[in-house]
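Following: one structure in structure tokens, then a few remarks.
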């Protein structure tokens with residue numbers, strides 16, 4: 001008589017826990033690099049299975065964040081339930097990189113504007129000045145008069 005293996009036993013066969021840090025998933029992975037395990041004829045993500053087995057249910061509305069940034073890691077100590085937004089901002093994608101920025105490309109400190117968006121005040125003022133002088137003829141004329149008077153004083 002053939003006896004089926006318990007899903008946890010199958011799970012333990014498919015991890016490389018020799019490393020002291022990450023438990024590398026050796027089994028099948030999906031296109032995004034997350035480990036897949038079949039439990040009761042359903043495919044489940046291996047990191048979700050191990051978290052629920054060792055730490056309990058994942059709270060509703062939260063997703064698991066790999067603190068080690070290794071998608072194939074199934075070490076429950078490296079998993080933390082967080083909101084999807086927090087998970088995205090912690091990551092290495094475009095939004096995560098932008099969230100970690102503290103200076104603009106020119107090195108100026110980013111500040112919160114009146115709308116709550118982080119912007120570089122110095123770069124914004126320079127852009128506004130350029131736009132204003134470009135689009136207002138009298139402002140260009142005043143700027144030219146100012147520069148001409150400065151040249152006369154220097155001569």
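Which value in Å is the Kirkwood Rh of the chain over different Cα pairs?
One decimal place: 20.6 Å for the Kirkwood radius.
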Quiz item: Just 25, 127, 94 to compare: in a GNM of the chain, with alpha carbon springs under 10 Å, which one fluctuates most?
Solution: 127
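With an 8 Å Cα cut-off and a minimum separation of 6 or more residues, compute the relative contact order for the chain in percent.
Details: 153 pairs, mean separation 18.3, N = 155.
Worked out over the chain, it gives 12 percent.
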Exercise. Please give the length that would be gained between residue 134 and residue 94 if that part of the chain were fully extended, namely 0.36 nm times their separation in residues minus their C-alpha to C-alpha distance (nm, one decimal).
Key: 11.1 nm
Exercise. Name the most mobile residue of 110, 89, 79, meaning the one with the largest mean-square fluctuation, in a Gaussian network model of the chain with Cα contacts below 10 Å.
Key: 110
Self-check item: With Cα atoms, 0 to 90° folded angle of helix 137-154 axis to the chain main axis
Solution: 60 degrees
Exercise. Given the options 98, 42, 28, state which has the largest fluctuation in a GNM of the chain using a 10 Å cut-off (strictly under) for Cα springs.
Key: 42
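For the chain, what does the helix formula give at 222 nm: sum of -39500 (n - 2.57) over DSSP H segments with n ≥ 4, over the residue count, nearest 500 deg cm²/dmol? Please report the intermediate quantities before stating the final value.
Values: 6 runs with 64 residues, N = 155.
It lands at -12500 deg cm²/dmol.
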Practice problem: Using only Cα atoms, tell me the angle between helix 121-135 and the longest principal axis of the chain; keep it within 0 to 90° and round to the nearest 10. | Solution: 50 degrees
Quiz item: Just the Cα atoms of segment 102-155, one point each, no solvent: what log10 I(q)/I(0) does Debye give at q = 0.15, 0.19, 0.29 Å⁻¹?
Solution: -0.62, -0.75, -1.02
Exercise. With label points built 7 Å along Cα→Cβ from the Cα atoms of residue 125 and residue 32, find their separation and express it in nm.
Key: 4.4 nm
Exercise. Run the quick spin-label model on residue 57 and residue 149: label points 7 Å from Cα toward the beta carbon, then report their separation in nm to one decimal.
Key: 7.5 nm
Quiz item: Between segment 26-42 and segment 96-155, how many Å separate their Cα centres?
Solution: 53 Å
Quiz item: Relative to the first principal axis of the alpha-carbon coordinates of the chain, what is the inclination of helix 46-55, with its axis defined by its Cα atoms, in degrees from 0 to 90 and to the nearest 10?
Solution: 70 degrees
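FYI, it's all coordinate maths here, none of it is from the lab. Because the structure is a prediction, the values reported are computed rather than measured. Please note: Cβ atoms are built from the backbone with ideal geometry, for glycine as well, and neighbour counts cover all protein chains shown.
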